[in-house]
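Remarks on the structure that follows.
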Amino acid sequence: MSVMRTKTVEQAIQETEEPEHQLKKDLSGLDLTVFGVGVIIGTGIFVLTGEAAQESAGPAVAISFVLAAIACGLAGLCYAEFASTVPVAGSAYTFSYVGIGELVAWIIGWDLILELLIGAATVSVGWSQYLSVLLETIGWELPTSIASAEDGVFNLPAAIIVLILTAVLVTGIRVSSRLNAIIVTIKLAVVLFVIVAGLFFVKASNYTPFIPPTKPAEGESGLSATLIQTIFGSGPASFGISGILAAAALVFFAYIGFDVVATAAEETKKPQRDVPRGILGSLLLCTILYVAVSLVVVGMQKYSELDPKAPLATAFRDVGHPLFADIITVGALAGLTTVIMVLMLGQSRVAFAMSRDGLLPKKLGAVHPKFGTPYRITIIVGVIVAILAGLLPLSALAEMVNIGTLFAFALVSISTLVLRRTRPDLDRAFRVKALPVVAVLAVVFCVVLMLFLEVATWLRFLAWMALGFAIYFGYGKRHSRLAREGRQKIDA
């Protein structure tokens, strides 16, 4: 039995019509765009801008956002073509199964499980921190024992928000979509408020120098060094061109999530048309907002003085407007809520697709008879995320989200190119022009950004992949649907 066996596009689509695994088609192109915006705008825009500007890029952090967006945009084009051709739950996992083969699909699925679980848990902890800040402004203070796993015993608010959102996801994709739309409207209003109000406090002197002179990075060696440092024995330096690239690798986290739009392709009324619109539309809108916000915040406050944990709120406090800072805190709280929900949505759909293919136990992929959602998987995902968020400080593991996503983007780009060559006959509602160039550039951009991640992150990622290989060869290889069908043909 070959580990590189592939399923056909026709087979993948046919499996979505099986009654026990059929999801409801309730989403439109606008719903998908809002989902994309809901998951993209969160930690990145409210937190990472300050850290990237202060430590790596200076005012040129806006360029870093553009570079990260280019990497995402190139991969997004490949996602859009693949999702319009194979409108099936699972995103990169399903695309790799069709384009390259089962083992690569498992690697991607296993990778996405880590990315989305850790991502959702990490954002939940951030949500809890913002809630504590908001409660303190009105005179309430949560006991440390239940407000933080790092300083106390259990992060209760983080666990509670996860379980509430799990219930929302179980009750149906339409309910989830409506809640997401409401919250996205709130946080977009706050982001636009930041841009407009911040313009009144911008000082031209804060933009000089726009690209600060290069200086050697300090205190980075061993596992804390980036891979490119380890390979070449020096740098990258802070600031300058190298600093802009390092910041791009960091703020890439701000764009993570647009690929989750592709996981909802199977629940979309007209996926061939609407999935590409959702992916590319949400990416374009968020890129514009990110660049605008980054230019405003470094214009309001000297990049060296930015607060790396809460740059937007702190910038308004420092110019004498604490009320504006409180408004931003509310927006951040709303923003993180939708990020948690959409990440868990994506995780449940990836695991659902893997279960339907037999790489995970098939019973896990059962669809609720009333709500039309993969309720067992969703509940399991929610419980795991709640436990992780409640018990663990996840800052170190959170760095793995970037490397996992970049790896997935690269493989999807390759898979799109392979499928174009092996199945040129397929009806592609969305076709990428000059696909070979786009796919190759996407892979190059992803690999370059991966080189700027820490060695420790690479080692943890490789360890997780090794565990995934063990599970695949111990269970998935023998139990997959394609393996069973192959044995049935031999017996016949």
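Just to be sure, is Ser124 among the hydroxyl-bearing types (Ser, Thr, Tyr), under 16 Å from the mean Cα position of the chain (by Cα) and at pLDDT below 80?
On the way: among the hydroxyl-bearing types (Ser, Thr, Tyr): yes; under 16 Å from the mean Cα position of the chain (by Cα): yes; at pLDDT below 80: no.
It is false that Ser124 is among the hydroxyl-bearing types (Ser, Thr, Tyr), under 16 Å from the mean Cα position of the chain (by Cα) and at pLDDT below 80.
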What pairs can you find where one residue is in the range 301-314 and farther than 14 Å from Phe201 by Cβ, the other is surrounded by fewer than 24 Cβ atoms within 10 Å (Cβ to Cβ) and at pLDDT 75 or above, and their Cβ atoms are less than 7 Å apart, with a gap of 6+ or different chains? Tyr303/Gln54; Tyr303/Pro59; Ser304/Gln54; Asp307/Thr314; Pro308/Glu51; Pro308/Gln54
Of all the helices (runs of 4 or more DSSP H) wholly in the range 47-101, which have at least 3 residues that are surrounded by fewer than 24 Cβ atoms within 10 Å (Cβ to Cβ) and among the aliphatic types (A, V, I, L, M)? 61-85
Any idea which of (1) small (Gly, Ala, Ser); (2) touching a residue at least 40 places away in the same chain (Cβ under 8 Å); (3) surrounded by fewer than 22 Cβ atoms within 10 Å (Cβ to Cβ); (4) more than 19 Å from Ile231 (Cβ to Cβ) is the one Ala408 doesn't satisfy? (3)
Out of Leu114, Leu192, Leu169, report the one residue that is open to solvent by 60 Å² or more (accessible area, probe 1.4 Å), not in a loop (DSSP other than H, G, I, E, B) and not aromatic (Phe, Trp, Tyr). Leu192
Give the residues of the range 313-338 that are farther than 13 Å from Val194 by Cβ and open to solvent by less than 10 Å² (accessible area, probe 1.4 Å), sorted by residue number. Leu336, Thr338
Being open to solvent by 80 Å² or more (accessible area, probe 1.4 Å) and under 25 Å from the mean Cα position of the chain (by Cα) is true for just one of Leu435, Leu419, Leu459. Which residue is that? Leu459
Please go through (1) open to solvent by less than 10 Å² (accessible area, probe 1.4 Å); (2) of a type in the set (Gly, Ala, Ser); (3) over 20 Å from the mean Cα position of the chain (by Cα); (4) at pLDDT 75 or above for Ala247 and return the number of the only condition it doesn't satisfy. (3)
Condition check for Ser304: closer than 28 Å to Gly331 by Cβ, modelled with pLDDT of 75 or more and open to solvent by less than 50 Å² (accessible area, probe 1.4 Å): no
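What helices (runs of 4 or more DSSP H) lie completely within the range 226-302 and have 1 or more residues being of a type in the set (A, V, I, L, M) and in contact with a Pro (Cβ under 8 Å, 6 or more places away or on another chain)? Outline the logic, then answer.
On the way: elements: 227-232, 240-251, 260-263, 271-300.
Answer list for the range 226-302: 227-232, 240-251, 271-300.
Tell me, which helices (runs of 4 or more DSSP H) wholly within the range 333-440 include 3 or more residues that are in contact with a Gly (Cβ under 9 Å, 6 or more places away or on another chain) and under 29 Å from Ala69 (Cα atoms)? Explain how you work it out, then say what you get.
Details: elements: 375-391, 395-398, 400-422.
Filter on the range 333-440 gives 400-422.
The values are calculated or read from the model by the stated rules, or taken from the named source; none is laboratory data. Nothing here was measured: the structure is a model prediction, and the numbers come from that model. For neighbour counting, all protein chains shown are included, and Cβ atoms are generated from backbone atoms with ideal geometry for every residue, glycine included. Remember, those area values only see protein heavy atoms, side chains included, never the ligands or the DNA or RNA. Shrake-Rupley method; radii C 1.70, N 1.55, O 1.52, S 1.80 Å.
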